[in-house]
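The values are calculated or read from the model by the stated rules, or taken from the named source; none is laboratory data. Note that the structure is a prediction, hence the values are computed from the model and not measured. As a convention, Cβ positions derive from the backbone with ideal geometry for all residues, glycine included, and neighbour counts pool all protein chains shown.
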Amino acid sequence: MFRKTILSAVLAATLVSGCSTLTNEQAGTLNRDAEITRIVSEIDEVGYKQVQVSPGLDEFLNSLSSYVEQQRNVAEDYRIIATEHGEVATFLAANSGKTDEELRVLAHKFDQGAKNDSEKFASKLAAYTKASDSISEENAKLTSALTEQGIKLGVYLTQYGTEIAQLLAINSLKGLFSDDKDDGVLDPAEAVLRAKKQIGLLDEINALIAADQGVAESLTKLQKNLDARS
């Protein structure tokens, strides 16, 4: 089933992978739990096991797979935090892209229903930020890694472009590999397509977490400025 999984995931895709971005509206309306569940499920389907395909190519493939496994776990941790701090996570998601002044007004409105300091947004945000510090750090590392891995992927997409085109053409005409050829062994072209799908999923994790972290950082800075004035 491994070959089938890889090819079905990429048959309709272009060969150049770009970084995923979320519009403010998309970031605000996404169901975090459902999205993370989907991404993690796709990561598990595509896989991240170490492989031996071709000297030189293996180093890139296995380094990328290590990132994928790590970020799969980060995504799971993020889902837990978003669930435990649901009020803050919902606020961050709904208000992605707002200006500092708009965020200040919204946070003030949030506090109007608070019965004590622990129920105020600043306290809830501090708890969320503390819980998600490691997530933010790992996601920052991923942002840098994606650039490097994406450049390497571009080189291999070019290097194996002919084989990849042939692979996609054959399977678009004849369907996916039959069971008798389903030996679970990847050739270089299949391995590069697997890497492309992996990077695409890493982009999605990165964009999802970064959208929330950006709003959290803005609110934290805003709160510090307000505290300094008082």
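Taken together, Asp117, Asp100 contain a single residue that is surrounded by fewer than 13 Cβ atoms within 10 Å (Cβ to Cβ) and at pLDDT below 85, which is Asp100.
Against the numbered list (1) loosely packed, with under 14 Cβ neighbours inside 10 Å; (2) modelled with pLDDT of 85 or more, Asp183 comes up short only at (2). Against the test of being among the acidic types (Asp, Glu), out of contact with any helix residue (DSSP H, G or I) (no Cβ under 9 Å at 6 or more places or on another chain) and either surrounded by fewer than 20 Cβ atoms within 10 Å (Cβ to Cβ) or modelled with pLDDT under 85 (or both), the options Glu69, Glu59 yield a single qualifying residue, Glu59.
From the set of residues in the range 30-43 that are exposed (fewer than 12 other Cβ atoms within 10 Å of the Cβ) and either of a type in the set (Lys, Arg) or farther than 15 Å from Gly200 by Cβ (or both), which is modelled with the highest pLDDT? Among them, the one singled out is Ala34. Residues in the range 38-59 that are outside any loop (DSSP other than H, G, I, E, B) and under 19 Å from the mean Cα position of the chain (by Cα): 9 in all. Checking Ala107, Ala93, Ala126 one by one, the residue that is farther than 27 Å from Arg38 by Cα, small (Gly, Ala, Ser) and surrounded by 19 or more Cβ atoms within 10 Å (Cβ to Cβ) is Ala107 and no other.
All conditions in (1) surrounded by 13 or more Cβ atoms within 10 Å (Cβ to Cβ); (2) modelled with pLDDT under 50 hold for Gln26, with the sole exception of (2). Checking each residue in the range 130-151 for being of a type in the set (Val, Ile, Thr), over 13 Å from Tyr67 (Cβ atoms) and surrounded by fewer than 18 Cβ atoms within 10 Å (Cβ to Cβ) picks out only Ile151.
Give the residue that is nearest to Leu201 (Cα to Cα), with candidates limited to residues of the range 75-130 that are assigned to a helix (DSSP H, G or I) and basic (Lys, Arg).
Looking at the filtered set, the residue picked out is Arg79.
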